[in-house]
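Every read-out reported here was derived from the displayed coordinates using simple, explicitly stated rules and does not represent laboratory data. Bear in mind that the values here come from a model prediction, so they are computed numbers and not experimental data. Note: ideal-geometry Cβ built from the backbone for every residue, glycine included; neighbour counts use all protein chains shown.
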Amino acid sequence: MAYAPSHAAVQPDASAHATESAPPTLRRLSNGSYEVARQAVAVEVASLTSGRVRAVPRYRDGKCTGFRVMGIVPGSLLEQLGLRSGDVVLAVNGEEIDSSNKALLLVDAMQTKARVTVLVERSGELLSLRYRIR
């Protein structure tokens, strides 16, 4: 399934008829804040569970401190949602990701919640990515 580039995700003009275009899959609301269609999320969750995108635990002092994501394809929805290969997911909705079971929180939250906040470490910097899922 191909995704519309982020510049094509702009809301249609108010004068456009509803039958002329579908709602955008993704809309960037502000820096680090996105609105995304739940159906598109389901496709990306499938990529996580199929092994195309990998998440491996990151350990510090013998303790899991998050999961590093790898294999995010340029132009994919995951990239458009602000994630990059090498990012370390530290927390989802305030819950630290310190085990494989907790890593599944991200998958579950993206499928069931209306709002999701993901704390990510990228090149030593902390980023908060916020998603509104419709």
Dipole in debye (nearest 20) - the stretch 31-134, about Cα centre, beta carbon charges: Lys, Arg +1; Asp, Glu -1: 160 debye
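Determine Rg/Rh for the stretch 22-134; Rg is computed over alpha-carbon atoms and Rh is the Kirkwood hydrodynamic estimate from the same atoms.
Reported Rg/Rh, Kirkwood definition of Rh: 0.94.
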For all pairs of alpha-carbon atoms in the stretch 68-134, what percent lies in each bin of width 10 Å, listed from the first bin to the last filled one? 21, 57, 22, 0
Please give the net charge around L127, taking every other residue with its beta carbon less than 9 angstrom from that of L127, where Lys and Arg add +1 and Asp and Glu add -1. -2
What is the sum of charges around K63, taking Lys and Arg as +1, Asp and Glu as -1, for the other residues whose C-beta is under 14 Å from the C-beta of K63? 0
